[in-house]
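Trainee: First the structure, then my questions, so here it is.
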Amino acid sequence: MHDTAAKLADLERPDPAAWESARAEAVHLRDAHWGSTITYSRKVFIPLTHLCRDSCGYCTFVKRPGHPLARYMTPDEVLTVAAQGREMGCKEALFSLGEKPELRYPEAKAMLADLGYASTIDYLRAMCERVVRETGLIPHANPGTMSEAELQTLKPVTGSMGMMLETVSRRLMKQGSAHHACPDKVPVQRLRTLERAGRCAVPFTTGILIGIGETWAERIETLKAIRDIHLTHGHIQEVIVQNFRAKPDIPMADHPEPSRDDMHRTLIAARLILPPDVSLQAPPNLETDFGSYLRHGINDWGGVSPLTRDFINPERAWPQLARLQDVTAAAGGHLQERLTVYPAYLAQADRFIDPAMRQPIEEIARHDGLAAIQCPV
């Protein structure tokens, strides 16, 4: 632990020799647990609603009432995207949506009522259920902060769930900061969701967002908070390290982006802090030289879609899967398609997978828990 603390401190200083030592250890830790296998999930991105009660300074996904996208996708729209994804070999349906818009906007509440639902979570559950039943895609739900009751509501219709912790810094709640006027970004509320997901035995994805005004110490504190919750419950299957990207239509349009070196040292820190069984991921579409991430400890590229764009970063196209394979091979890795549920959690299905979801998942899994049909890139 002392050695790790020293390496984390060295990463805060511009010391090339210390950085290289920490980088080599991060890669060693990755290789010792994950070998040369580098994974990705073939998915469709379903933005169920762009409405949200939060107003994050870096977000371009959220739309306010009056905007053409400030609505809910209809069931037919959801099923059309999922069916097209199935035809293209996708196995994951990533549901991304704003947090509890009906609590802020009467328009959202009225839209839900017209669809026949009282809450966004209720509608999400219904759409997840239809997608898995009618297309065989396995839903991964990202509805934000959740109560235990909401987690239990979604578990029978999903393979996994997620919510970015982003940061434990309360400073960023202040006026003029990234999380001002964001009731769902209060760190304690997000930490409680991670704890609840653990108690509900939900295979969970979380992560940090770097470059939004946090300090290096706060970044480390956030990673350690994730580690500690996982050590208690064992349910954090993957952690994403995501870099802030400025966009012209956000309040933080002029905020500086983190450098490539900053991403590299954060990936190293994450691999040193997190238990080795937690998958480490970085989005390949947010960096031109994304292959460099493989030299700093990641073992997963996350969800990549052959059909839908990244609605969170719409200006950043997914890399072609053929390029992803070439970049991975050039770094000595072997690209493999996984499911939204990681093999270790599928192997503990009695605990982590609801009985209603076992057959749909097992039908598309091979003996080692990865995707049974590895789609050609």
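Just so it is clear, none of the values below were taken in a lab; they were calculated from the coordinates. All of these numbers come straight from a predicted model, not from anything done at the bench. Cβ sites come from the backbone with ideal geometry, for glycine too, and all protein chains shown count toward neighbours.
Trainee: How much length is gained if the chain between ARG64 and ALA126 is pulled fully straight, taking 0.36 nm per residue apart and subtracting their Cα-Cα distance, in nm to one decimal?
Mentor: The ARG64-ALA126 span can extend by a further 19.9 nm.
Trainee: Nothing charged except the Cβ atoms of Lys and Arg (+1) and of Asp and Glu (-1): what's the magnitude of the dipole of region 85-159 about its Cα centre? Round to the nearest 20 debye.
Mentor: So the dipole magnitude of region 85-159 works out to roughly 140 debye.
Trainee: Considering the options VAL327, LEU274, LEU286, tell which one lies farthest towards the positive end of the dipole of region 199-337, charges being +1 on Lys and Arg and -1 on Asp and Glu at the Cβ, about the Cα centre.
Mentor: Most positive-ward Cα: LEU274.
Trainee: How do 223-232, 94-103 rank on mean C-beta neighbours within 10 Å, highest first?
Mentor: Highest to lowest by the protection proxy: 94-103, 223-232.
Trainee: If you stretched the chain out fully between GLU20 and SER147, how much longer would it get, using 0.36 nm times the residue separation minus the C-alpha to C-alpha distance?
Mentor: Roughly 41.5 nm would be gained on extension.
Trainee: Given all pairs of different Cα atoms, what value in angstroms does the Kirkwood hydrodynamic radius of the chain take? If you can, show how the numbers build up before the last one.
Mentor: On the way: mean 1/r = 0.0479 Å⁻¹.
Over the chain, the inverse of the mean reciprocal pair distance is 20.9 Å.
Trainee: Could you give the length gained by full extension between ASP289 and GLU221, i.e. 0.36 nm per residue of separation minus their alpha carbon distance, to one decimal place?
Mentor: 21.7 nm
Trainee: Where the centre of each part is set by its Cα atoms, how far does region 254-286 sit from region 80-130, in angstrom?
Mentor: Centre-to-centre (Cα) distance: 30 Å.
Trainee: Shifting gears a bit: Taking the mean number of other Cβ atoms within 10 Å as a proxy for protection, how do you rank 246-257, 195-206, 80-91 from highest to lowest?
Mentor: 195-206, 80-91, 246-257
Trainee: How large is the convex hull of the C-alpha atoms of region 68-193 per residue, in Å³?
Mentor: 125 Å³
Trainee: Can I ask one more? Mean residue ellipticity at 222 nm from the helices of the chain, using -39,500 (n - 2.57) per DSSP H segment of n ≥ 4 over the full residue count, to the nearest 500 deg cm²/dmol?
Mentor: Details: 13 runs with 146 residues, N = 377.
Mean residue ellipticity at 222 nm (helix-derived): -12000 deg cm²/dmol.
Trainee: Roughly how big is region 304-366's charge dipole about its Cα centre, with Cβ charges of +1 (Lys, Arg) and -1 (Asp, Glu), in debye to the nearest 20?
Mentor: In total the dipole reaches around 100 debye.
Trainee: Considering only the chain, what is the antiparallel percent among its DSSP beta bridges, to the nearest 5?
Mentor: 5 percent
Trainee: Under a Cβ-Cβ limit of 4.7 Å, which cysteines in the chain have nobody to pair with?
Mentor: Result for the chain is CYS52, CYS90, CYS128, CYS182, CYS200, CYS375, no neighbouring Cys Cβ within the cutoff.
Trainee: For the chain, give the magnitude of the charge dipole about the Cα centre (Cβ charges: +1 Lys/Arg, -1 Asp/Glu; no others), in debye to the nearest 20. Don't skip to the answer; put the middle values down first.
Mentor: On the way: 43 positive and 47 negative charges, 97 e Å.
The dipole of the chain has a size of about 460 debye.
Trainee: In nm, to one decimal, how far is the ALA118 label point from the GLN374 one, both placed 7 Å along Cα→Cβ?
Mentor: Modelled inter-label distance: 4.8 nm.
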